[in-house]
Amino acid sequence: MKATIDGTSVSLGPEGAGLYDQSGYGRPDGEGLRLAFEEALYLVHRGKITVPGHDFESMLVEVAGTAEMLRRYLVYRDIRERGYVIQPGPHDFRVFRRGEKPGKGRSQYLVRVISERATIRFEEVADDAATAFNMRKQYLFAVVDDENEITYYEVKLQDLPPVEAPPLPRLRGFIVGNAVVAAAPKDRTPPTTGWFGTPLDSDRIMLSPLETLYLLTRGVLVMTGEITGSGDYHERVMKSDAGFAEKNAVYTHLRDMGYLPRTAYKFGHHFRVYSGKKMHSEMLVHALPPGATMPMSVISRSVRLAHSVRKKMLFASTQQNTIRYIEFARIKL
């Protein structure tokens with residue numbers, strides 16, 4: 001079956017109709033068929049079509065001569081060989097449910113192809129994930145590393161449901177540095193302390209800046225000394241922690257939803273988060289400022305670590321008065 005290169009695509013005559021009808025290749029174009037370059041390259045490699053003046057190697061150079069196009073072809077080939085029908089579409093590709101194809105089924109995945117060294121813009125990713133959700137699709141990253149191996153990540157917005165939380169403790173304390181030392185409640189069980197503070201000794205607990213500010217703004221912490229109000233304390237902490245604003249916004253939101261956030265410094269992130277339903281934390285959450293970006297390699301390490309300790313990896317994107325929780329998780333197609 002002969003084809004011709006036509007600008008940014010490859011054209012087949014009426015004889016190509018069967019490729020679309022039977023296997024979902026290309027898009028009908030009048031009586032013929034128009035193939036994207038990655039589709040044509042795959043079919044040349046499989047010996048399904050020929051392009052006069054070209055073999056597979058020369059086609060590879062001509063149509064996949066850039067790193068971006070080569071990545072697209074590698075992902076296209078990988079998904080095809082897993083038994084899925086895949087077509088160019090929003091966010092690089094759309095992938096149909098296994099055994100389904102255009103006109104006889106609907107697509108399941110929207111796939112974005114990126115390099116391992118790509119920089120991820122979280123606000124853009126959150127918008128794309130929301131679009132995919134509204135289309136009832138799963139949004140995937142196909143990450144091609146420097147050895148041309150492919151890892152798939154599902155990216156989705158997590159709508160955290162409210163959970164029941166223990167009542168807030170009433171505490172009295174004094175400031176030491178940016179921490180606050182408070183008298184420990186007589187009953188030291190977590191429901192009574194509200195999971196706030198860490199023991200200093202048998203009679204006292206120490207509150208972190210995030211815990212202190214939260215309890216101050218809720219009117220259940222009384223402080224003695226030079227700083228007693230939430231405004232002055234907030235200003236003081238901001239001077240020593242450039243990322244405090246976004247961490248405070250996420251911490252406050254999680255607490256207000258009933259979740260119990262604690263530091264996740266040992267995991268390299270801001271919070272490990274408990275729902276109160278299990279003994280162990282269920283999520284790692286990293287708070288991001290507006291406009292935040294991050295290398296995909298850093299996200300990959302975070303996801304692998306979270307998976308190894310059986311937690312979800314969420315990035316909390318703070319935008320004006322909105323917080324969107326973006327989950328990254330490795331999947332196998």
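The values are calculated or read from the model by the stated rules, or taken from the named source; none is laboratory data. Everything numeric here is computed off the predicted structure, so don't read it as measured data. Because the Cβ atoms are built from the backbone with ideal geometry, glycine has one as well, and the counts that use them run over all protein chains shown.
Annotations
- Any hit, segment 307-317, residues being outside any strand (DSSP E or B), within 16 Å of the chain's Cα centre (by Cα), of a type outside the set (K, R) and farther than 16 Å from R121 by Cβ: yes
- Condition met for V285 (touching a residue at least 24 places away in the same chain (Cβ under 8 Å), part of a helix (DSSP H, G or I) and within 26 Å of R117 (Cβ to Cβ)): no
- The set of residues in segment 221-255 that are farther than 13 Å from P289 by Cα and under 23 Å from the mean Cα position of the chain (by Cα) comprises Y251, T252, H253, L254, R255.
- Cβ-Cβ under 7 Å pairs, at least 6 apart or on other chains, segment 93-106 side within 15 Å of Y76 (Cα to Cα) and among the aliphatic types (A, V, I, L, M), far side surrounded by 13 or more Cβ atoms within 10 Å (Cβ to Cβ) and at pLDDT 90 or above: V95/I79; V95/Y84; V95/I86; V95/S107; V95/Q108; V95/Y109; V95/V111
- With respect to (1) farther than 17 Å from G24 by Cβ; (2) not in a helix (DSSP H, G or I), the lone exception for L74 is condition (2).
- Each residue in segment 24-49 was checked for being assigned to a strand (DSSP E or B) and surrounded by 23 or more Cβ atoms within 10 Å (Cβ to Cβ), and 2 of them qualify.
- Subset of segment 271-282 [in contact (Cβ under 8 Å) with a residue 12 or more places away in the chain and either part of a loop (DSSP other than H, G, I, E, B) or among the hydroxyl-bearing types (S, T, Y) (or both)]: Y274, S275, G276, K277, H280, S281, E282
- When segment 213-243 is filtered for residues that are of a type outside the set (G, A, S), exposed (fewer than 15 other Cβ atoms within 10 Å of the Cβ), in contact with a Phe, Trp or Tyr (Cβ under 6 Å, 6 or more places away or on another chain) and touching a residue at least 12 places away in the same chain (Cβ under 8 Å), only T224 remains.
- Picking from residues in segment 57-67 that are in contact (Cβ under 8 Å) with a residue 12 or more places away in the chain, out of contact with any Ser or Thr (no Cβ under 8 Å at 6 or more places or on another chain) and assigned to a helix (DSSP H, G or I), the one that is nearest to E147 (Cα to Cα) is L60.
- Restricting segment 166-199 to residues that are part of a helix (DSSP H, G or I) and hydroxyl-bearing (S, T, Y), the residue that is modelled with the highest pLDDT: T193
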